[in-house]
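Step one of this worksheet: look at the structure below.
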Amino acid sequence: MVDLKKRPFGRVGIIGITVVLVSLILVLVFPTKAPGIMDGFITPIIAFEFIETRQEVFQLFGPRNSPVQSEMVSRMNLGNYLDFVYMLLYSLFLAALSLKCARQAGNKIFYAGVPLSVFVLGGDFLENLQLLGITSKLQTGNFESELYYLHIFTWQKWGGIALIFVLLGPYFMSGNLYSKLIALGGFFTFILACLAFLQRSVLNEIFGLAVVIMFLMLIIYCFTYKKDDAADR
């Protein structure tokens, strides 16, 4: 049993556990394969979020009115509807983590993670609307507007997450070896984000994986950091 009195980040970690649980559900819901996928991409939902052209959309979802396309649309839509819950949970986790870091360190700069978390939430919400708009217009192909805004809102979400990792870096850098690894991981993830933004490629997949690893490392930190470690975070 975790003693929350001795573990200041314990409640934040509990939110993190719900993030992990919903993540596992989303892995089962989203399609794991696609009829066609852009070069450098492996995960269909990641490819969908970073998609740029009508041709790539039709390639990803397969022939019109085919059983394969119907299944792809059904699973993508269900996953994106569940994502409305997921985005609330991981944004809450990032905001709560930022608040706790600010209070533990006595440094107000870390409070900036709270509005950044709201910024990320807004990006993810609007991103999902574009994704659902594209699947609803697959038969007509009239989703140029959704593709244009998808690029903006997708990077609002992913870029915002990377910024939060960098923002909290100084807090973790002042701690123990594991804490320093989190800080370095956040910096590395931000660099990956910049490179993926400049050149869409396999770097987008690596960046997405780096974000997942960062969340897991932060959740572990929440349950392992104790008040006794204050002098050696």
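The values are calculated or read from the model by the stated rules, or taken from the named source; none is laboratory data. It should be emphasised that the depicted structure is a prediction, and the values quoted were computed from it without experimental measurement. Cβ placement follows ideal geometry from the backbone for every residue including glycine, while neighbour counts extend to all protein chains displayed. When the accessible area is computed, the model is the full protein with side chains, heavy atoms only, and any ligands, DNA or RNA have been set aside. Shrake-Rupley method; radii C 1.70, N 1.55, O 1.52, S 1.80 Å.
Can you give the FRET efficiency for SER174 and SER136, using 1/(1 + (r/R0)^6), R0 = 45 Å, r = Cβ-Cβ distance, to the nearest 0.05?
Values: r = 49 Å, r/R0 = 1.08.
After rounding, the FRET efficiency stands at 0.40.
Take peptides 76-89, 139-152 and line them up by average Cβ neighbours within 10 Å, highest first, as a rough protection proxy.
Numbers: 76-89: 17.4, 139-152: 13.8.
Sorting 76-89, 139-152 by mean packing, highest first, produces 76-89, 139-152.
Karplus couplings for the range 21-32 from phi (6.51 cos²θ - 1.76 cosθ + 1.60, θ = phi - 60°), rounded to Hz, Gly and Pro as x?
Along the range 21-32, the couplings run 4, 5, 4, 5, 5, 5, 4, 6, 7, 5, x, 9 Hz.
Averaging the inverse of every distinct alpha carbon separation and then flipping it gives the Kirkwood radius. What is it for the chain, in angstrom units?
Values: mean 1/r = 0.0539 Å⁻¹.
Final number for the Kirkwood radius of the chain is 18.5 Å.
How large is the translational diffusion coefficient of the range 170-233 in µm² per second when you combine the Kirkwood radius over alpha carbon pairs with Stokes-Einstein at 25 °C and 0.890 mPa s? Each step should come with its number before you reach the end.
Numbers: Rh = 12.5 Å.
Result for D is 196 µm²/s.
With a 1.4 Å probe and all protein chains left in place, how much of the accessible area of the range 80-224 comes from carbon and sulfur atoms, in whole percent? Could you put the intermediate results ahead of the total?
Values: 4800 of 6360 Å².
Roughly 75 percent of what the probe reaches on the range 80-224 is carbon or sulfur.
What are the semi-axes of the equivalent ellipsoid for the range 98-233, taken as the square roots of 5 times the Cα gyration tensor eigenvalues, largest first, in whole Å?
On the way: eigenvalues 230, 47, 27 Å².
Semi-axes from the Cα gyration tensor: 34, 15, 12 Å.
Run the numbers on the chain and let me know its relative contact order in percent, using alpha-carbon pairs under 8 Å that are six or more apart.
On the way: 311 pairs, mean separation 59.1, N = 233.
For the chain, the relative contact order is 25 percent.
Just to verify a number: FRET efficiency for ILE109 and LEU181, C-beta to C-beta distance, R0 = 22 Å, to 0.05? Display every interim value, and only then the final one.
On the way: r = 21 Å, r/R0 = 0.97.
Once the sixth-power term is evaluated, E becomes 0.55.
Would you mind giving the average projected area, over all directions, of the Cα convex hull of the range 1-133 in nm² with one decimal?
Dividing the Cα hull surface by four gives the mean projection, 9.9 nm².
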